[in-house]
Amino acid sequence: MTSSFRTDRVRLAILVKRKPGTSKEEFSRYWAEVHGPLFASLPIAKSSIMKYEQAHANTAALQSLQAAGLKALEGDGMVIFEAESYEKIIEVMRSDDYQKIVIPDAEKFMDLGESQVLPVDLVTLIDKA
């Protein structure tokens with residue numbers, strides 16, 4: 001079997017940190033219950049994004065992995081956008097709704113200055129979905 005890069009989609013992963021003074025529990029609750037649905041409700045997100053996922057850091061698993069000698073990223077979660085192209089993702093992020101609604105809401109609980117972005121092209125080797 002030959003592995004190749006997918007041409008039907010791309011992903012953008014953003015490592016996020018919570019705003020100083022925000023507990024992990026409050027960060028996760030707000031992100032999952034308020035911010036996520038707010039982003040997902042935007043018409044441009046519905047039309048341009050194929051998949052939007054939040055990955056919330058699991059503290060217990062992180063401690064176990066660190067005890068096993070693995071180095072951990074410094075973050076509280078990761079947001080993953082999947083679309084047909086990076087241009088589609090950028091179009092969402094440049095939209096008026098994203099700038100006027102999503103960014104101000106994110107500033108309530110995220111430290112946006114500490115976010116780290118990683119655009120990734122996909123090679124699927126195992127897919128049991």
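Condition test on L15, is it buried (at least 17 other Cβ atoms within 10 Å of the Cβ), touching a residue at least 12 places away in the same chain (Cβ under 8 Å) and either small (G, A, S) or in contact with a helix residue (DSSP H, G or I) (Cβ under 7 Å, 6 or more places away or on another chain) (or both)?
So L15 fails the test.
Can you run down the residue pairs with Cβ atoms below 9 Å, 6 or more apart or on separate chains, where the first is in the stretch 20-37 and more than 18 Å from G113 (Cα to Cα) and the partner is at pLDDT 95 or above and loosely packed, with under 13 Cβ neighbours inside 10 Å?
Hits for this filter: Y30/K108; V34/K108.
So which residues in the stretch 109-129 are in contact with a helix residue (DSSP H, G or I) (Cβ under 7 Å, 6 or more places away or on another chain) and farther than 20 Å from N58 by Cα, if there are any at all?
Within the stretch 109-129, L112, P119 meet the criteria.
May I ask you to say which residue of S64, S115, S48 is surrounded by 12 or more Cβ atoms within 10 Å (Cβ to Cβ), small (G, A, S) and farther than 20 Å from T22 by Cβ?
Exactly one of S64, S115, S48 is surrounded by 12 or more Cβ atoms within 10 Å (Cβ to Cβ), small (G, A, S) and farther than 20 Å from T22 by Cβ, namely S48.
Taking the stretch 86-115 only, how many residues are farther than 16 Å from V10 by Cα, part of a helix (DSSP H, G or I) and among the aliphatic types (A, V, I, L, M)?
5
Within the stretch 1-60, count every residue that is within 17 Å of M110 (Cα to Cα) and hydrophobic (A, V, I, L, M, F, W, C).
Looking only at that region, the number is 12.
Could you figure out which of (1) in a strand (DSSP E or B); (2) of a type outside the set (K, R); (3) under 23 Å from Y30 (Cβ atoms) isn't true of L118?
Of the numbered conditions (1) in a strand (DSSP E or B); (2) of a type outside the set (K, R); (3) under 23 Å from Y30 (Cβ atoms), the odd one out for L118 is (3).
The values are calculated or read from the model by the stated rules, or taken from the named source; none is laboratory data. This one's a predicted model, so the numbers in the text were calculated from it and none came from an experiment. Glycine also receives a Cβ, built like all others from the backbone with ideal geometry; neighbour counts cover every protein chain displayed.
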